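In what follows, a structure is listed as structure tokens, so that the remarks can point back to it.
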Amino acid sequence: MDEYIKWYIEDDCLTKEESLNLRIAREATPEIVSDEEFKDLAQQYFDRMPFCNISADDRILSFDESGTAFIDAIFKKEVDDDTLVISTNYEHSSVQKQLSVTKNKMLLTSDGDIRAYNIAPIVNEAKKYKKVFVYIIGTQLSTGEITPQLFYERLKEEFDKNGIQHKIMIDDVHGMFIVPRDYRIFDYILYTAHSLVTEYDMGILVSKEYVSGKKAYNWGKEYLEKLDIVLAKKRKMLQFKNTMIQYFSEYLSHMDLFRLFTFTSDHIFAVETTGINWTKEQWEKLDSYKIRVSEHPMLKNWIRIRYQEFSRLTPDKAVEGLHYLCKLLDRAIMLNKMRG
């Protein structure tokens, strides 16, 4: 299987020039151009979003130094003491920070609420407030699980039916440009550039009305060039999860310890673990191989590997990292057998 991984890394890999291009950081000073030129740039972004069903004619595109800047601005605009915020425990730390000081909130679970379409309790709670702000991640970072489009649509339908004033924001940082998504029902759509181009720090917001950010033409143009380098490898990207499943298939047979997350994006490989925790040294070493595990000790934990990071390793380093992870997993299996 090591040869399989080496073949995968080397197949349709980045050229030296492409690799160097992806490492060039964003310019500090934004360049402002005419509205017509910027609208053309915005449409180029929408053209790369599969099944988005929006355009530069009905949505505004803006950039900022980070996604956090947009999150803070939107929470400030949309949330007050008369607002019910509906979100999850799976959101980015910047969102968690906002939620920690939010007076009225309802946090949903993936299996018990979202995938179960348990919408009636949400609507009943929403009726108690003047307005509702929904902030739910589209594709989870830790697990790669995709929030069903139908859940957002059903939720909006019920809000409309019951006359509930609402705004819906999707954090699609790990789904945009990869996972087909009808964006028409969302008031705000968030993306961060470093999701697919890891060295490029920039927040991107798509909205129905302007909230904050800059029409930084040079930032957007530069990122589009880098994004196209990554998207040109989409065939390889969509093979990633299955490649990792094949490599770890023997471990996945230990169903008392490992569970493959389902309903996930193909560019993220993620496994739920039971009773496995990691030392700081193990976490740091795995991170050096672009393999992420949970930093916090819990019964149910996770392992995650993302295409855009792992595929840029050399073949030898990729295999070396997988060997180290397997060594830790072998030890976990042995300890589990000893516990009986």
Practice item. Could you work out the relative contact order of the chain, using alpha carbon pairs under 8 angstrom and six or more residues apart, expressed as a whole percent? Key: 22 percent
Check your understanding: Which of rounded, prolate, oblate describes the chain, given a ≥ b ≥ c as roots of the alpha-carbon gyration tensor eigenvalues and a/c under 1.5 marking rounded, otherwise prolate only if a/b is larger than b/c?
Key -> oblate
Review point. How far apart, in nm, are the 7 Å Cα→Cβ label points at Asp228 and Lys156?
Key: 3.1 nm
**Study point:** Gaussian network model of the chain, springs between alpha carbon atoms under 10 Å - residue of Ser55, Ser93, Ser311 with greatest fluctuation
**Key:** Ser93
Practice item. For segment 27-53 and segment 149-172, write down the distance between their C-alpha centroids in whole Å. Key: 27 Å
Check your understanding: Given the rule -39500 (n - 2.57) for each run of at least 4 DSSP H residues, summed and divided by the residues of the chain, what is its mean residue ellipticity at 222 nm, to the nearest 500 deg cm²/dmol?
Key -> -12000 deg cm²/dmol
Point to revise | Inter-probe distance in nm under a simple model that places probes 7 Å from Cα toward Cβ, at Val33 and Ala120 | key: 5.4 nm
Point to revise | Unit Cα scatterers, Debye sum, segment 58-174: log10 I(q)/I(0) for q = 0.14, 0.15 Å⁻¹ | key: -0.57, -0.66
Check your understanding: Taking a temperature of 37 °C and a viscosity of 0.692 mPa s, what whole-number D in µm²/s does Stokes-Einstein yield for segment 31-231 with Rh from Kirkwood over alpha carbon pairs?
Key -> 190 µm²/s
Check your understanding: How much of the DSSP beta bridge set in the chain is antiparallel, as a percent to the nearest 5?
Key -> 60 percent
Revision key, fill the gap. For 131-138, 255-262, ranked highest to lowest by mean beta-carbon neighbours within 10 Å, the order is 131-138, 255-262
Practice item. Name the residue, out of Gly220, Gly175, Gly112, whose mean-square fluctuation peaks in a Gaussian network model built on the chain with Cα pairs under 10 Å. Key: Gly112
Revision key, fill the gap. Once normalised by the length of segment 233-340, the mean sequence separation of its alpha carbon contacts under 8 Å that are 6 or more apart gives a contact order in percent of 22 percent
Exercise for review: Name the residues whose placed amide hydrogens come within less than 5 Å of the amide hydrogen of Lys105, ignoring near sequence neighbours (fewer than 5 apart) on the same chain.
Suggested key: Val85
Review point. At Arg23 and Asp2, where each label point lies 7 Å from the Cα along Cα→Cβ, what is the point-to-point distance in nanometres?
Key: 2.7 nm
Check your understanding: If you average the sequence gap of Cα pairs under 8 Å that are 6 or more apart and divide by the length of segment 31-231, what percent do you get for the contact order?
Key -> 32 percent
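Here, each number is a calculation from the coordinates, and none is a lab measurement. None of these values were measured; they are calculated from a predicted model. Glycine gets a Cβ as well: all are built from the backbone with ideal geometry, and neighbour counts include every protein chain shown.
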